[in-house]
Amino acid sequence: MKKHAEPRTHSKPGKFGKYGGQYVPETLMEPLRALEEAYNRFSRDPSCKKELAGWLDDFAGRPTPLYLATNLTSHVGGARIYLKREDLLHGGAHKINNTLGQALLAKKMGKRRIIAETGAGQHGVATAMACAALGLRAEVYMGSEDMDRQKLNVYRMKMLGAKVHPVESGSKTLKDAINEALRDWVTNVQDTYYLLGSVVGPHPYPTMVRDFQSVIGKEARKQIMQQEGGLPKALVACVGGGSNSIGIFHSFLHDPDVDLYGVEAGGESLSPGQNAAPLVAGREGVLHGMMTYVLQNEVGQVQTTRSISAGLDYPGVGPEHAFLMTAGRAKYVTVSDEEALEAFKNLSQLEGIMPALESAHAISYTMKLAKSLGTRDSIIVNLSGRGDKDVEIVAKHLPQ
Amino acid sequence: MPNTSHNDDRIEAKFRELRGLREGALVAYLTGGDPDPKTFLANSTALIEGGADIVEIGIPFSDPIADGPVIQASSMRALSNGTTPLVVLNMIRELSTQFPVPFVVLSYYNPILAMGLDRFLQKARESGVDGIVVPDLPVEESEEFRNISLKHNVDNIYLAAPNTSRTRLRTVLDKSKGFLYLVSIYGVTGPRDSLSPQALEAVRAVKFLARGKIPVSAGFGISQPEHVSAVIQSGADGAIVGSALVRIVGNHLDDPSQAETQLKKTVQSLKEATRLSSKLE
Ligand SMILES: Cc1ncc(COP(=O)(O)O)c(C=O)c1O
């Protein structure tokens, strides 16, 4: 990969080069301004930071280990593979880093009603957990199609005290759940906080969610320096909206010798409608309040997506990734459904760790990359979540 | 090439004309291509014959975040029969060559970007479009779009909401051409049974700041003649009715001629309510 110095400073707050921004109905401009202001105060306040760190450690289970996967490494025969174990967090995924941060912020803002969208249900569950712990009311929008596919998470959210609203509009999946959450917010701006689940949407969400997820990379950087005595050759993470990947990338952005790889869902193929890979297969556009890469047809209608992994099944992507790609700082690749399933099996059997299908995409690409590198190199792959939620789907595709 | 058969500033001229008659403007909305091109053209004609002063046509989009269920459903109907932005602009051309009313297009930003700003606005102008509303393009993001719409003489109609700050409202009023679109309530589009007092307050507040420099039309949730007369009495220069009309289209999918009749009748009564002199209690 071509080496680049640190990407140029951003043109204005909320913009990553030309990407990002606030492409929203007028009614949301004022609440977004208030959110930005409250977040700036929150992020500069040492007591808020300390409070959040306490929740992350004691409730969510931070720090997470950086684990050298020796069996996988010798199986592949190449660079040493380290796993950043976000799968060990409460709830089973990195999502809780963000929901605790935003739920605390919402509480400081005096909002008592929290709304969220969810695709696979992971963000919905993490939202429900944070809200229950902090005494907030959670309502989660979820496409009715996704509710059928992820029954267990629907039950978990309800058990945790959240109200789940089925979304019947459009394609009845994650993008429509975001549409519906935005419509709710437009209607109830005065008392409602919208807790977005990834580095997507209008400013300040992409920046704020990235900051909350940056804890992953901060820890990983310290840990690899201790364990390896130097920086890794590369980082690999899966990209749905892009929060776990930006979270681990961010502390390494200014290390030009560390290559960054984002892995998108290649689905069945790269033809329209058969994948969820906007950076690889999409074009610039505006969706959900942000200028970014979008899977769309030639007249600008947003396309339906397809991936075995519900958490990657989204036609847009965080604007900072669009920037990192066009600036040449990070590289984006795809892994197909079939390859992800194979990696799921590999990690389970070689390491005794079942990855989330989302994370299995990153594992698959890491195995390819490790093989192409020397044994003196190391790679960190972000294991964003655990695979228990996916066992049913995997069993269907990989009969014993 | 500028369309010479079309005069500039027809929207503001229409408001001036109506002010002279002591009437507000009725802006009537339908989604382009809903439920099919032929029925859409007939329905639009019904709006005009019923007395709509300005016709607003929506370009259907897959993810209409500012719209409630009624307009969402109409967008899906239009998209499923293959309606594209070009198809809608061509239908507006057909209408604008027959009828002298001003036409406004409503489109989310992505379909415009996909066609290219310059190409879209030029094509819109050539089709007889006088103004454009982009519900997900606030002033802060619209500098390039605004410059190109000025170049093609398509009025850039911005939106204001009840929570728009005074400072931003001044900017929005300053940059709007044609009229200012006041979203009078917190919420998405959709027919509502009653009009909140807050909506009328928003009308008065915005009219005060507008100081007569630009007409103000109120929309979102305005569905009945009483709502129309209330906003006009409160000082609005126009009332925008969308979902209440689109719902008629959706309710008569099996009998399009019934939709036409109903639309014409409904528009007549809505238009009557814009007359300040009329005694509508
Ligand atoms: C385990 C896991 N990894 C990754 C993702 C993708 O999201 P993001 O790209 O924002 O990290 C999800 C989303 O649900 C997830 O549950």
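The values are calculated or read from the model by the stated rules, or taken from the named source; none is laboratory data. Nothing here was measured: the structure is a model prediction, and the numbers come from that model. Counting neighbours? That spans all protein chains shown, and the Cβs are built from the backbone with ideal geometry, glycine included. Protein only, heavy atoms only, side chains kept; ligands, DNA and RNA dropped before computing areas. Shrake-Rupley method; radii C 1.70, N 1.55, O 1.52, S 1.80 Å.
Of all lysines in the structure, the ones whose alpha carbon falls short of 16 Å from that of A:Lys222, not counting any fewer than 8 places away in one chain, are A:Lys84, A:Lys233. What part of the accessible area of region B:30-151, given as a whole %, is carbon or sulfur when the probe is 1.4 angstrom? So the carbon and sulfur contribution to the accessible surface is 55 percent. In straight-distance terms, cross-link reach from A:Lys172 covers every one of the aspartates and glutamates whose alpha-carbon lies under 15 Å from its own, apart from those fewer than eight places away in the same chain; here that gives A:Glu117, A:Glu145, A:Asp146, A:Asp148, A:Glu180, A:Asp313, B:Asp63. To the nearest ten degrees, helix A:95-108 and the longest principal axis of the Cα atoms of chain A are 30 degrees apart. Contact residues in region B:113-153 by the 20 Å² criterion (accessible area, 1.4 Å probe, full protein complex versus chain alone): B:Leu113, B:Ala114, B:Pro135, B:Asp136, B:Pro138, B:Glu140, B:Glu141. Tell me, which residues of region B:169-210 get at least 20 Å² less accessible area when the other protein chains come in, versus the chain alone (1.4 Å probe)? The answer is B:Tyr186, B:Gly187, B:Val188.
Rounded is the label for chain A, because the ratio a/c of its alpha-carbon gyration tensor axes (a ≥ b ≥ c) stays below 1.5.
With equal scatterers on the alpha carbons only and no solvent term, can you work out the Debye log10 of I(q)/I(0) for region A:245-400 at 0.10, 0.11 1/Å? Values, matching the q order: -0.37, -0.45.
For the pair A:Thr70 and A:Lys158, the difference between a 0.36 nm per residue extended length and the Cα-Cα distance amounts to 27.7 nm.
Per residue, how much space in cubic angstrom lies within the convex hull of the C-alpha atoms of region A:112-193?
Working: hull volume 5.3 nm³, N = 82.
Roughly 65 Å³ of hull volume per residue.
Distance distribution note for region B:38-130: the fraction of Cα pairs above 24 angstrom is 18%. Treating r as the C-beta distance of B:Thr171 and A:Glu338 and R0 as 51 Å, the FRET efficiency rounds to 0.45. Compared with its chain on its own, region A:18-40 contains the following residues whose accessible area drops by 40 Å² or more in the full protein assembly (probe 1.4 Å; ligands, DNA and RNA excluded): A:Tyr23, A:Pro25, A:Glu26, A:Thr27, A:Met29, A:Glu30. Considering only beta bridges that DSSP places wholly inside chain B, some 5 percent are antiparallel. For region A:309-352 versus region A:191-252, the spacing of their alpha-carbon centroids is 14 Å.
Calculate, in nm to one decimal, what B:Arg204 and B:Leu253 gain on full extension: separation in residues at 0.36 nm each, minus their alpha carbon distance.
On the way: separation 49, 0.36 × 49 = 17.64 nm, distance 3.87 nm.
The B:Arg204-B:Leu253 span can extend by a further 13.8 nm.
Computed on protein heavy atoms with a 1.4 Å probe, what is the summed buried accessible area for the chain pair B and A, in Å² to the nearest 100? It comes to approximately 2800 Å² buried between B and A. Normalised per residue, the accessible area of chain A is 36 Å², obtained with a 1.4 Å probe and no contribution from ligands, DNA or RNA. Projecting label points 7 angstrom from Cα along Cα→Cβ for A:Leu350 and B:Glu143 puts them 5.1 nm apart. Nonpolar atom fraction for region A:42-190, defined as the carbon and sulfur part of the 1.4 Å probe accessible area, stands at 53 percent.
Residues in chain B average 38 Å² of solvent-accessible surface per residue, probe 1.4 Å, ligands and nucleic acids excluded.
Short-range pairs are left out: with C-alpha atoms under 8 Å and at least six residues apart, the relative contact order of chain A is 21 percent.
Straight-line cross-link partners of B:Lys14 among the lysines, defined as a Cα under 27 Å from its Cα and at least 8 positions apart when in the same chain: B:Lys123, B:Lys151, B:Lys175, B:Lys177, B:Lys207, B:Lys213, B:Lys264, B:Lys265, B:Lys271, B:Lys279. Report summary: the helix-based calculation at 222 nm, which adds -39500 (n - 2.57) for every DSSP H run with n ≥ 4 and divides by the residues of chain A, gives -12500 deg cm²/dmol. Considering only DSSP beta bridges with both partners in the protein assembly as shown, what is the antiparallel share in %, to the nearest 5? Looking only at bridges with both residues in the protein assembly as shown, the antiparallel portion is about 20 percent. Two numbers describe the Cα atoms of chain B: Rg and Dmax, which are 17.0, 49 Å.
Once the Cβ-Cβ distance of A:Asn297 and A:Ala53 is raised to the sixth power relative to R0 = 56 Å, the FRET efficiency obtained is 0.80.
Suppose only helical runs count, i.e. DSSP H with n ≥ 4. What mean residue ellipticity at 222 nm does that imply for chain B under -39500 (n - 2.57) per run, divided by all residues and rounded to the nearest 500 deg cm²/dmol? Please report the intermediate quantities before stating the final value.
Values: 12 runs with 136 residues, N = 281.
Value at 222 nm, helices only: -15000 deg cm²/dmol.
What percent antiparallel are the DSSP beta bridges of chain A, to the nearest 5?
Bridges in chain A are about 30 percent antiparallel.
Surface composition of region B:164-261: carbon plus sulfur atoms hold 48% of the accessible area, using a 1.4 angstrom probe and ignoring ligands, DNA and RNA.
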